[in-house]
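The values are calculated or read from the model by the stated rules, or taken from the named source; none is laboratory data. The shown structure was predicted, so the numbers you read here are calculated from the model rather than taken from an experiment. Neighbour counts run over all protein chains shown; Cβ positions are idealised from the backbone, glycine included.
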Amino acid sequence: MKRKVTICGIDTGTLPKLTHEQANDLMLKIKTGDDNARRKFVLCNMRLVLSVVQRYAGKSDNMDDLFQVGCVGLLKAVDNFDVSYNLRFSTYAVPMIVGEIRRFLREGNSLHVSRSVRDMAFLALQTRERLECDSDKQASIADIAKELGQPVEVVKNALDAISEPVSLFEPVYSDESDSVLVMDQIDDKKNTDEKWLENISLCQAIKKLGQREKQILHKRYFEGKTQMEISAEVGISQAQVSRLEKNAMTQMREMMTTV
């Protein structure tokens with residue numbers, strides 16, 4: 001059953017489809033200046049615009065506006081597509097359509113992707129398509145970077161920059177009783193169970209120190225003062241500060257190893 005979507009007065013369910021060979025033939029005619037071929041090609045690829053626009057549902061009150069903006073990107077892609085690359089048109093067109101929509105939504109957004117980064121991302125997408133067509137296997141970031149003569153991090157960052165951000169609260173799995181969010185899948189390497197246990201043990205060890213030792217450690221490691229500075233403030237010699245600090249550290253180490 002076809003899904004009927006009407007946008008800008010167009011019933012997308014009635015739009016014609018093209019085979020890869022038909023699309024190539026029309027594109028060759030377009031490059032010779034055939035306006036009828038251009039109109040037909042654009043009409044047949046409006047589903048591509050719709051598929052991109054649906055990613056931005058909820059980010060604009062008027063989806064018709066986004067569809068029209070996406071069609072501008074489609075027209076630019078048609079006019080600038082180079083048939084000599086022997087790539088699928090959608091590989092080139094989708095980033096162009098996305099770019100137009102993002103420019104439209106950019107007002108009030110402080111996050112900007114530079115033109116050079118976008119260009120690198122488009123080159124990477126084209127290179128990935130070509131490598132996968134040649135070898136029939138998925139091209140890695142390292143493969144793409146090697147082909148482009150660019151560092152892996154440059155290519156990776158460029159592709160990440162044009163990727164649609166995902167909410168931490170977006171579910172990756174859900175059923176009637178429970179759901180798993182993106183944030184549940186993120187490994188927190190900083191606040192591990194071991195770190196929590198270490199912090200608890202440290203707090204317990206500090207509580208068992210005498211008041212003078214606590215004072216020395218606080219000034220030394222929380223206020224960042226030298227032993228000489230502490231000596232002047234507390235009114236004891238620097239040697240005494242050093243001895244108190246050393247004794248406190250020894251006591252804490254013993255208490256934490258016995259917990």
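Before moving on, here are some points about what is shown:
- Against the numbered list (1) in a helix (DSSP H, G or I); (2) modelled with pLDDT under 85, Leu87 comes up short only at (1).
- Within the stretch 45-73, the set of residues being at pLDDT 85 or above and basic (Lys, Arg) comprises just one member, Arg47.
- Among (1) in contact with a helix residue (DSSP H, G or I) (Cβ under 7 Å, 6 or more places away or on another chain); (2) surrounded by fewer than 18 Cβ atoms within 10 Å (Cβ to Cβ); (3) modelled with pLDDT under 80 - the single one Ile162 does not satisfy: (2)
- Close pairs (6 angstrom Cβ cut-off, 6 or more residues apart or separate chains): farther than 14 Å from Leu217 by Cβ in the stretch 235-259, surrounded by fewer than 15 Cβ atoms within 10 Å (Cβ to Cβ) anywhere: Gln238/Met228
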